[in-house]
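Undergrad: First the structure, then my questions, so here it is.
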Amino acid sequence: MADPIQLLYVEDDAVERRAFERALHETGTQPRCQLTTADSLAAARTLLAAQRFDVVIADYHLPDGYGPELIGPRDNCPFILITGSLSEQLAVRTIEGGADDYLIKDTEGDYLRVVPATIKKALIRQRLKERARVAEEELRQLNAELEKRVAERMCELVTLTREQAQIAYSITHNLRTPLRNIHAQVSFLRALGAALPAGAAAHLDSITTSAKTLGSQIDALVRFSGLYRQEIRKEWTNSITVVMAALAEVVGKLNGRMVELPPVPLPPCHANPELLQELFRSLLSNACKFTRHLEKPQVEVGGRSELAAGGGRQTLFWVKDNGIGFDMRFHDKIFDLFQRLNWAGDYEGNGCGLALAKRIVERHGGRIWAEGEPGKGAAFYFTLPEENPQPEKQP
């Protein structure tokens, strides 16, 4: 059997105290109550200091003060006010001051019949408050732990960023020195001219080509590492201007070969203009490279603003070509750093362009993917979130 509720009733009128005690016994209060009475604030305070009570019920007017003066921490003990002369407006203010409930006395004593239910409601509210307090404390501790983990993770990221910077510095300064020596040695050997054995010139050409490829990969690796640290400043960007600038860079390396690029209206996008140009340059260069064997190479650039799957809007772009394509079994590998498919060995490049493109898109909060079929071309798609209101027209 559960322990009885320890109830303190403070009332200076002895008749009222007896009527209250009789009402508790006659109604068979559930849960059971162990009643203790006091006839003044001083007596109540003495009892509260000596033992713990589960509920305190007090009259408003007492000989040495007012019942609400007993409202206090008391281990979060519920307080119920009983009054015969207090207006409901003042009673409500007492509730706002910390009381859990109030009862209005009547001459017939009908209010005593609702005392058990009022006690029960006060205890239920108290349990709910305690649960809320415990949950709030647990949430506070979880937040503190989360903040601690975030701080630790930030420290780890700062350390990792510094290490990456040191690696990039090592690559830039230490690995380039042997490459310069290789080029210098090759130049020295070429200067020997006729003194070289037969076939030596072809070997020197191979060494030079390999050294240039390694140098290009070092440049790309340093750039790739830098994208982790680079601050991305986004703005609404005229994508048509960016694409034309990227195409101009690519066309300048085609040695007069023409590529058909149908004019297509492109939407503005929220991006870093310089990185967006680098992204399009990578995708256009890739398309032009793998269509060079065709008499009529075709490259298409398109885009549109659309609803994003998770809500909000995004800008979708694509670059398509009618080149050699690729097997979709390898669609998840073509964006890996230094990853080149077998047939790619017949084409120039350092295997970093698409990895850089992916990193740029990811730094913008978007995603990139590819579709293709051997001999039927390839299509690269990427999305950029529209984080701010779109301007009415191209900037």
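Undergrad: Simple spin-label model, 7 Å along Cα-to-Cβ: Lys376 to Glu147 in nm?
TA: Taking the simple label geometry, Lys376 and Glu147 are separated by 5.8 nm.
Undergrad: Then there is this: Given 0.36 nm per residue, what is the gain on full extension from Asn76 to Leu189 after removing their alpha carbon distance, in nm?
TA: 31.5 nm
Undergrad: So which lysines can Lys121 reach, going by Cα to Cα under 19 Å and dropping same-chain residues fewer than 8 places off?
TA: Here the lysines satisfying the reach criterion relative to Lys121 are Lys105, Lys129.
Undergrad: Along each principal axis of its Cα atoms, how long is the stretch 84-133 end to end? Whole angstroms, biggest number first, please.
TA: Reported extents, whole Å, longest axis first: 39, 23, 8.
Undergrad: To continue, here is another question. Give the cross-link partners of Lys376 among the aspartates and glutamates, using a straight C-alpha distance below 17 Å as the criterion and excluding same-chain residues fewer than 8 apart.
TA: Leaving aside aspartates and glutamates fewer than 8 places away in the same chain, those within reach of Lys376 are Glu260, Glu295, Glu300, Asp321, Asp327.
Undergrad: Please compute the length gained on full extension between Glu306 and Leu214, using 0.36 nm multiplied by the number of residues separating them and subtracting their Cα-Cα distance. If you can, show how the numbers build up before the last one.
TA: Details: separation 92, 0.36 × 92 = 33.12 nm, distance 4.11 nm.
Result: 29.0 nm gained on full extension.
Undergrad: Of the listed pairs Lys148/Lys358; Lys212/Lys296; Lys296/Lys358; Lys296/Lys320; Lys212/Lys289, which have alpha-carbon separations greater than 23 Å here?
TA: Lys148/Lys358; Lys212/Lys296; Lys296/Lys358
No lab work stands behind these numbers, since they all come straight from the coordinates. Keep in mind the model is a prediction, meaning the values are calculated, not measured. As a convention, Cβ positions derive from the backbone with ideal geometry for all residues, glycine included, and neighbour counts pool all protein chains shown.
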